[in-house]
Amino acid sequence: MSVRFRVPPISSSEITPESVYLRRREIMKAFAALSVPLVAGVSPAAQAGISTGGKPLEYVPASQGTQGFYTDERLTPREDAASYNNFFEFGTGKSDPANYAGAMSTDPWTVEVDGEVDRPGKLHLEDILGRYPLEERIYRLRCVERWSMVIPWVGFPLASLLQDFQPTSRAKFVAFETLYRRSEMPGTRSFTSTLEWPYVEGLRIDEATHPLAFLAVGNYGKTLPNQHGAPIRLVVPWKYGYKSIKSIVRISLVEKQPPTAWNKSQPREYGFYSNVNPQVDHPRWSQQYERRLPGSLFEPREIPTLMFNGYEEQVASLYTGMDLRKYH
Ligand SMILES: Nc1nc2c(c(=O)[nH]1)N[C@H]1C(S)=C(S)[C@@H](COP(=O)(O)O)O[C@H]1N2
Ligand SMILES: [Mo]
């Protein structure tokens, strides 16, 4: 695990100058309203006044370190990361979270830890911030829908929190649950989503305690904007994005494999493991390529998807002997 983790750098022809890029929907918008001027050098999301997060955090910055904690790929600009999200509690559209998640109140916030632990209990967000030293991790995150980003997260290893509650020997899996507050979450009141609420996710205990599994309380140096899952969300960089559950209120150590939101909704399409795997197609599309955001009509920035999202060296041993087609 001491070998420095590297990925091939994106060639300069793939890098779109800031002043040139326009995402598809921005172009559509520009056509729809030709009177709207586009200011060179400022992204459309920034012009639209998207909230990109709150208070500055103190943390150890990411360094060109080991074990996949760092990549020197170009960061996704924070305005783009904060305006193209999946957070179905606020709607199914990519801009719904940026538009509606502001209504979610995140203070006070409590995370309950229960189940197969010797010391069940609750942590208030302030306890969490006081207790766990914050560090930065620059991770790729790849959505099952084939877009990907590179985001500097601020947080701490999930393993540190789990350890404090002393899992028993029967704790084989970790189940996570998102806040479910209908009054603040229009997507949970709509009939267009097939998900059940609250949104739930799960990991096997050895996945959850792997050093790459991260609880983020911020990104780009500040507390999380709500659309990214404020005030605390999971980041599991070798799995498809939906495993990285947002706005967590409960973490339960359990003996049996827990249900997960997407698997319950469409079991044929979404398995429990959901490791990024270019060899295993989604039933409706290939997973071999991804589009690194921000892309544009002119430069889609399509790149090959890597096994375990490029974290193979770090995590492959978790799955030795498993048929990754069957356990997808
Ligand atoms: N509670 C909750 N968590 C969620 C989701 C969601 O709809 N609800 N969407 C997931 C999906 S599909 C993705 S791709 C990532 C997106 O994270 P980001 O918007 O911070 O990039 O969040 C994941 N976490
Ligand atoms: Mo996703």
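Observations
- Whichever residue in the range 136-156 is over 11 Å from the mean Cα position of the chain (by Cα) and not in a strand (DSSP E or B) and, among such residues, is farthest from ligand 2 (Cβ to nearest atom): 146
- Among the residues of the range 157-194, those that are within 16 Å of ligand 2 (Cβ to nearest atom) and either among the small types (Gly, Ala, Ser) or at pLDDT below 95 (or both) comprise 187, 193, 194.
- Of all residues in the range 242-271, those being among the acidic types (Asp, Glu) and more than 20 Å from the chain's Cα centre (by Cα) number 1.
- Residue tally, condition under 17 Å from residue 244 (Cα atoms), touching a residue at least 60 places away in the same chain (Cβ under 8 Å) and not in a strand (DSSP E or B), over the range 157-184: 5
- Looking across the range 285-326, just one residue is surrounded by 15 or more Cβ atoms within 10 Å (Cβ to Cβ), of a type in the set (Lys, Arg) and assigned to a loop (DSSP other than H, G, I, E, B), and that is 301.
- Condition met for residue 111 (within 16 Å of ligand 1 (Cβ to nearest atom) and either among the aliphatic types (A, V, I, L, M) or more than 15 Å from residue 229 (Cβ to Cβ) (or both)): yes
- The number of residues in the range 237-261 that are in contact with a Leu (Cβ under 7 Å, 6 or more places away or on another chain) and within 16 Å of ligand 2 (Cβ to nearest atom) comes to 7.
- Test: residue in the range 276-298 that is without any contact (Cβ under 8 Å) to a residue 60 or more places away in the chain, touching a helix residue (DSSP H, G or I) at 6+ places or on another chain (Cβ under 8 Å) and under 25 Å from residue 215 (Cβ atoms): yes
Here's the yes/no breakdown for (1) among the aromatic types (Phe, Trp, Tyr); (2) surrounded by fewer than 16 Cβ atoms within 10 Å (Cβ to Cβ); (3) in contact with a Phe, Trp or Tyr (Cβ under 9 Å, 6 or more places away or on another chain):
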position: 206; (1), (2), (3): no, yes, no
position: 217; (1), (2), (3): no, no, yes
position: 223; (1), (2), (3): no, no, no
position: 226; (1), (2), (3): no, no, yes
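- Filter result for residue 103 (touching an Asp or Glu at 6+ places or on another chain (Cβ under 6 Å) and closer than 17 Å to residue 184 by Cβ): yes
- Any hit, the range 83-102, residues being within 16 Å of ligand 1 (Cβ to nearest atom), among the hydroxyl-bearing types (Ser, Thr, Tyr) and surrounded by fewer than 20 Cβ atoms within 10 Å (Cβ to Cβ): yes
- So residue 60, is it over 17 Å from the mean Cα position of the chain (by Cα) and surrounded by 20 or more Cβ atoms within 10 Å (Cβ to Cβ): no
- Residue list for the range 237-269, restricted to those being away from ligand 1 (no atom under 11 Å from the Cβ) and of a type in the set (Lys, Arg): 250, 256, 264, 268
- Cross-chain or 6+ apart pairs with Cβ under 6 Å, the range 204-223 first and without any contact (Cβ under 8 Å) to a residue 60 or more places away in the chain, then assigned to a loop (DSSP other than H, G, I, E, B) and among the hydrophobic types (A, V, I, L, M, F, W, C): 205/171; 213/236
The values are calculated or read from the model by the stated rules, or taken from the named source; none is laboratory data. What you see is a predicted model; the values in this text were computed from it and never measured. Note that we place each Cβ from the backbone using ideal geometry, even for glycine, and neighbour counts take in every protein chain shown.
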